[in-house]
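Trainee: What follows is a structure written as structure tokens; I'll ask about it next.
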Amino acid sequence: MWVRRAFYGWLLPAAFLLPLWLFVGWGVFNAGGWAFLWMLFIAIPSVFIGQLALTLITRARPSVRAARAVSWGDVLGYAVWHALTISLGFYVSSWWAPVMVLTVIVGLVLVSLQLRELWREARPGDIVLHTNSGAAYIPAPHPSAQERADAEPHEVIVVEERPTAER
């Protein structure tokens, strides 16, 4: 559970740190001018906006909000995407292009999976939430305004206690 919670906490800082790593990697590994232009105008904005959007989509899911932890599928998807993004920051020309294509593909698949999970969890009737201790529960349905207006008033019975006479 601590790994899933750690990824939950890492998602927002990753939106800032991954683009920063691409910039630092360019300077440390002497990538060159074309890599600088690519990094400045394409990589940093797309990684920042993509990670921020994925973070918001993931945190919008009821199961993630309730547990304050991502699922194991999320951990796997984000770990692969972040590892590929970090590897791009080394700017090794022999394998940089295939890793770039793979990073874009994994990012698009991750967006698709996150949107599908959000849609699945947002459907009414299929909601199972979990407490922090891991216990699952189904929230009680809220009656509609029409059901409340049509409902008959309930009979109220009041029981009063009377002191008994001492014997």
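Trainee: Build a GNM of the chain with springs between Cα atoms under 10 Å: which of GLY33, GLY50, GLY73 gets the top mean-square fluctuation?
Mentor: Comparing GLY33, GLY50, GLY73 in a Gaussian network model of the chain, the most mobile one is GLY33.
Trainee: Follow-up. Mind checking the full-extension length gain between LEU52 and LEU115? Use 0.36 nm per residue of separation minus the Cα-Cα distance, one decimal, nm.
Mentor: Working: separation 63, 0.36 × 63 = 22.68 nm, distance 1.39 nm.
Residue separation times 0.36 nm, minus the Cα-Cα distance, leaves 21.3 nm.
Trainee: Mind grabbing the base-10 log of I(q)/I(0) for the chain at q = 0.10, 0.12, 0.17 Å⁻¹? Debye formula, identical points on the C-alpha positions, no solvent, two decimal places.
Mentor: Once normalised to I(0) and log-transformed, intensities are -0.53, -0.67, -1.02.
Trainee: Just to be sure I understand the model, the point goes 7 Å from the Cα along the line to the Cβ. What's the resulting TRP2 to ARG65 distance in nm?
Mentor: Distance between label points: 2.8 nm.
Trainee: While we're on this one: Taking the simple approach of a point 7 Å from Cα along Cα-to-Cβ for both ALA135 and SER94, what is their distance in nm?
Mentor: If labels sit at ALA135 and SER94, their model points lie 5.7 nm apart.
Trainee: Sticking with this one: Dipole size in debye (nearest 20) for the chain around its Cα centre, Lys and Arg Cβ +1, Asp and Glu Cβ -1? Write out the running numbers ahead of the final one.
Mentor: Values: 12 positive and 11 negative charges, 154 e Å.
Using only the charged Cβ atoms, the result is roughly 740 debye.
Read the figures in this text as sums done on the coordinates, not as results from a lab. Keep in mind that this is a model prediction, so the values were computed, not measured. Using ideal geometry, Cβ is built from the backbone for each residue, glycine included, and neighbour counts are taken over all protein chains shown.
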